[in-house]
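Bear in mind these aren't lab numbers, they're just calculated from the coordinates by the rules spelled out. The model shown is predicted, which means the values in this text are computed figures rather than measured ones. Positions of Cβ are backbone-derived with ideal geometry, glycine not excepted, and every protein chain shown enters the neighbour counts.
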Amino acid sequence: MQKITGIDIQKHDQSNRIIKISLENDIIDKLIFPFNKFDLTALELKPFTRFTLAKSLDDLTDNKLSELMNSIIRDRSTGCFIIGPKNITAKINDTFLVKLSTALAHLIGVPNHDAMAGTYVKDVTDWLIMTKIDEQNVEGGETAMLHLDDWEHCDDLYNDPVGRQNFVWGSPKSKNIDYKVEHPVFSTDKEGRPTISYIDQFPEPQNMDQGNFLQRLSDGLEESKNKIITKLPVGFSVIANNYFWLHGRKPFKENKELSRELLRIRGSFFVN
C-alpha cells in the first residue's frame with residue numbers, strides 16, 4: 001500500500017476491491033483553519049471556493065491524496081474507497097463533514113448534484129459520494145456494495161438485448177426534478193467490458209419487455225451472494241465509480257427515535 005504522511009491506507013476488511021483511507025488527527029487539525037474561511041453559504045454562492053477547500057486538503061499531502069483517489073476510482077479492479085477521520089473529535093461536526101466531502105469531490109471531478117446548491121443537471125454521472133453525517137438509534141441499514149465483475153447474473157442480463165434499449169428515467173417527486181432522460185441500462189466500456197447505469201426508483205418501463213427485464217435485474221441484485229455488507233462509520237464517505245459499482249442498503253429495524261443524515265454528491269471526472 002502507498003504511504004502518505006498523516007494518512008492510514010489499508011484494504012477494507014471485507015473486500016480487496018475497496019480501500020480504506022483514514023485521515024489522522026494531524027491532517028484534521030490542519031484543516032480547521034482553511035475550512036473556517038468559508039461558511040456553507042459562501043460555498044453555495046461561490047463555486048470556486050469549493051476548489052479552494054480541495055486544494056487545502058491536497059496540499060497537506062503534497063498532492064498525493066488526489067493522485068491516490070483518482071488511481072483507485074478509475075481502476076476497474078478497485079474503483080471504490082471509503083475515507084474519513086480516523087478519530088471523531090469535538091472539532092468534527094456536520095458542517096465540517098459537508099466541507100470535507102465537498103473537498104474530496106473536487107479532487108476527482110465536478111459535481112452535477114451537490115449539497116451546496118441542491119440541484120441536478122443532466123450531466124453524466126461518473127462517480128458518487130455518500131457521506132454518513134450522523135445517525136442515532138439505528139439498527140440495520142448497513143451499506144450494500146456489489147462490483148459488476150463479481151455479480152453472478154451480470155453476463156445473462158448484459159447479453160439481453162432489452163438492456164441495451166433506451167429506458168426512460170424520471171425521479172421520485174421528493175427529488176423536485178421535472179425532466180426525464182433516456183439511456184440504456186447496460187453499455188460497454190473501451191475495453192469491451194459491461195458498464196451499468198441504474199437506480200431502481202428511477203426507470204419508467206414503456207412495455208412488457210422492459211418491465212420484465214427490470215424485475216429480473218432487481219431480483220438478480222437481491223439474490224446476489226457476492227454483495228459486500230458493511231457498516232459505514234459516521235464521518236466516513238464511500239466513493240465509488242458509478243459504471244461498475246452498484247450500491248444500496250439493508251432495511252432498518254423500525255425505531256421511532258431513529259435519526260440519520262446522509263450526504264450524496266454525484267459528478268463527472270475531470271477531463272484532462
Per DSSP, the loop-located trypsin sites (Lys or Arg not before Pro) within the stretch 134-239 having at most 15 other beta carbons within 10 Å are K180, K190, K225, K231
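If you take the square roots of the eigenvalues of the alpha-carbon gyration tensor of the stretch 1-89 and sort them as a ≥ b ≥ c, do you get rounded (a/c under 1.5), prolate (a/b over b/c) or oblate? Could the numbers behind the result be given before it?
Values: a/c = 2.12, a/b = 1.62, b/c = 1.31.
It is prolate, given that a/c is not under 1.5 and a/b is the larger ratio.
Charges only on Cβ, +1 for Lys and Arg, -1 for Asp and Glu: so what's the dipole of the chain about the Cα centre, in debye to the nearest 20? Can you show the working numbers first?
Numbers: 34 positive and 39 negative charges, 117 e Å.
The calculated dipole for the chain is roughly 560 debye.
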Using a cut-off of 15 Å between beta-carbons, work out the net charge of the residues near R164 (Lys and Arg +1, Asp and Glu -1, R164 not included).
-> -4
Any idea what % of Cα-Cα pairs in the stretch 152-223 are farther than 16 Å?
-> 48 percent
Dimensions in Å of the stretch 1-154 - Rg and Dmax from alpha carbons = 16.0, 49
Cα pair distances in the stretch 188-272, grouped into 5 Å bins until the bin that holds the longest one, percent each = 2, 8, 15, 20, 19, 17, 11, 5, 2, 0
Measuring from the longest principal axis of the C-alpha atoms of the chain, the long axis of helix 64-73 (C-alpha) lies at a number of degrees, nearest 10, equal to 10 degrees
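Apply 1/(1 + (r/R0)^6) to the Cβ-Cβ distance of K30 and F252, taking R0 = 30 Å, and write down the FRET efficiency to the nearest 0.05. Don't skip to the answer; put the middle values down first.
Details: r = 36 Å, r/R0 = 1.21.
After rounding to 0.05, the efficiency reads 0.25.
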Mind scanning K20/K64; K132/K190; K30/K86; K20/K250; K55/K190; K11/K231 and naming the pairs with a C-alpha gap bigger than 25 Å?
-> K132/K190; K55/K190
Rounded to the nearest 10 degrees, what's the angle between the helix 94-108 long axis and the longest principal axis of the chain, both from Cα atoms, 0 to 90?
-> 70 degrees
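Suppose a student asked you for the relative contact order of the stretch 1-105, using Cα pairs under 8 Å spaced at least 6 residues apart; what percent would you report? All intermediate terms of the calculation are to be shown ahead of the outcome.
On the way: 115 pairs, mean separation 36.4, N = 105.
Reported as a whole number, the value is 35 percent.
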Distance in nm between pseudo-label sites at V124 and D189 (7 Å out along the Cβ direction from Cα) = 1.3 nm
Put +1 on the Cβ of every Lys and Arg and -1 on every Asp and Glu Cβ in the stretch 152-223; which of W169, L157, Q215 then has its Cα farthest towards the positive end of the dipole?
-> W169
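Given charges of +1 on the Cβ of Lys and Arg and -1 on the Cβ of Asp and Glu, with all other atoms neutral, how large is the dipole of the stretch 152-223 about its Cα centre, in debye to the nearest 20? Intermediate values should be presented prior to the final figure.
Details: 7 positive and 14 negative charges, 84 e Å.
In debye, rounded to 20, the stretch 152-223 gives about 400.
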The rounded separation in angstrom of the Cα centers of the stretch 1-26 and the stretch 209-270 is 22 Å
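Between S171 and E67, 0.36 nm times their residue separation minus their Cα-Cα distance comes to what? Could you put the intermediate results ahead of the total?
Values: separation 104, 0.36 × 104 = 37.44 nm, distance 3.40 nm.
That works out to 34.0 nm of additional length.
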Mean Cα-pair separation over length for the chain, i.e. relative contact order, pairs under 8 Å, 6 or more apart, % = 28 percent
Where does helix 208-223 land angle-wise versus the long Cα axis of the chain, in degrees 0 to 90, nearest 10?
-> 50 degrees
Hey, rough spin-label estimate for R260 and K37, points 7 angstrom out along Cα→Cβ, what's it come to in nanometres?
-> 3.6 nm
13 Å cut-off, amide nitrogen to a point 7 angstrom out along S218 Cα→Cβ, residues in the stretch 190-205 | 199-205
